[in-house]
Amino acid sequence: MIACEVCASSQFRPMFDKAEHHFVRCDGCGLERISPQPSDDTLAKIYGAHYYDAWGLHDNEATVANLKRGTFKFVLGKLPAAQPGDKLLDCGAATGFLLEVARDLGYQPYGLELSEFGAQAIATKFGPDRVFCGELADARFADAGAGDFAVITMCDYIEHVRDPRRTLELARKLLRPGGVLAITTPDAGSPSRRVLRTGWTHYKVEHLFYFNQQNLRRLLTDVGFASVDFHTLWKSLTLDYIGHQFEVYPHPALTKVARAVTRVAPAAVRAFPLPFSTGELLAVARL
Ligand SMILES: [Zn+2]
């Protein structure tokens with residue numbers, strides 16, 4: 001058993017198995033993880049060309065874009081206001097929706113994205129020098145590097161990386177003194193996790209880690225952040241979007257509920273963006 005990424009304990013308790021993967025929980029700090037981690041092959045299949053289908057981008061691009069922007073406005077709204085020249089790096093930038101919001105708020109946007117599809121979209125929107133296609137450890141930009149970024153954002157990112165401690169250390173090095181790191185991730189201490197238990201919708205093979213506020217604060221403090229504030233993440237979602245998510249990621253009970261709701265709700269109601277809390281946290285860490 002690999003030592004806990006947060007507290008170095010080697011005592012992990014089994015929680016449940018899903019798709020032949022073992023989900024376990026650290027006795028020391030409550031960090032939940034998949035152990036052993038899925039292979040590169042397994043993850044590559046999940047992250048293949050159809051990964052963004054879950055967003056419904058092909059059917060309804062404008063709606064999805066608006067919802068994503070609404071969520072990212074909430075996230076960036078929790079940060080200090082941008083000052084002229086402030087550089088923002090979004091890790092796991094996908095097709096660049098957060099970067100669009102960041103640019104509107106006055107930041108110089110930079111994106112890190114593993115998929116060619118996403119990186120291409122960012123290059124088209126912001127220029128090829130504003131995107132790096134690859135891992136954070138290898139990230140290079142022509143005019144920005146260590147100590148240059150005012151803000152780094154990781155939305156639905158940290159739970160996907162193989163080494164969260166190293167990832168947060170790398171982020172700290174890229175930030176300037178006083179810089180801010182914003183993380184959104186499933187919250188293993190959230191009410192939805194407590195109610196849904198092993199049926200929690202965030203338990204997926206591509207999510208290698210599940211933090212709670214206590215162990216994420218500990219990890220961030222350990223790698224050098226001075227303070228951490230937590231917020232409940234409110235996502236802009238429509239009933240149509242939620243219904244689509246439950247078709248792509250079926251849940252034994254909730255997919256039926258979602259179908260029943262989308263059947264009876266009028267189209268205008270189904271398409272109206274509402275703030276939903278889906279069991280994720282927003283951590284704002286300052287150097
Ligand atoms: Zn631990």
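The values are calculated or read from the model by the stated rules, or taken from the named source; none is laboratory data. Bear in mind that the values here come from a model prediction, so they are computed numbers and not experimental data. Neighbour counts are summed over all protein chains in view; Cβ atoms, including those assigned to glycine, are modelled from backbone coordinates with ideal geometry. Side chains are part of the model used for accessible areas, which takes the heavy atoms of the whole protein and leaves out ligands, DNA and RNA. Shrake-Rupley method; radii C 1.70, N 1.55, O 1.52, S 1.80 Å.
Overview of results
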quantity	calculated
First in the stretch 29-41 and in contact (Cβ under 8 Å) with a residue 40 or more places away in the chain and of a type in the set (Val, Ile, Thr), second anywhere and away from the ligand (no atom under 15 Å from the Cβ) and open to solvent by 20 Å² or more (accessible area, probe 1.4 Å), Cβ under 6 Å, 6 or more apart	Ile34/His21
Output for the stretch 213-241, where each listed residue is in a helix (DSSP H, G or I) and modelled with pLDDT of 95 or more	Gln213, Gln214, Asn215, Leu216, Arg217, Arg218, Leu219, Leu220, Thr221, Asp222
Meets criteria (out of contact with any strand residue (DSSP E or B) (no Cβ under 9 Å at 6 or more places or on another chain), outside any helix (DSSP H, G or I), closer than 19 Å to Val284 by Cα and modelled with pLDDT of 95 or more) for Pro177	yes
Positions within the stretch 132-164 being of a type outside the set (Gly, Ala, Ser) and assigned to a helix (DSSP H, G or I), in sequence order	Leu136, Asp138, Ile158, Glu159, His160, Pro164
Subset tally (residues that are over 19 Å from Ala171 (Cβ atoms) and either open to solvent by less than 10 Å² (accessible area, probe 1.4 Å) or among the hydrophobic types (A, V, I, L, M, F, W, C) (or both)) for the stretch 120-144	4
Criterion violated by Tyr210 - all others in (1) assigned to a strand (DSSP E or B); (2) under 30 Å from Gly147 (Cβ atoms) satisfied	(2)
The stretch 145-162: number of residues that are open to solvent by less than 70 Å² (accessible area, probe 1.4 Å) and in contact (Cβ under 8 Å) with a residue 60 or more places away in the chain	11
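Yes/no per residue for (1) at pLDDT 90 or above; (2) under 16 Å from the mean Cα position of the chain (by Cα):
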position	(1), (2)
His58	no, no
Val75	yes, yes
Gly85	yes, no
Thr95	yes, yes
Leu98	yes, yes
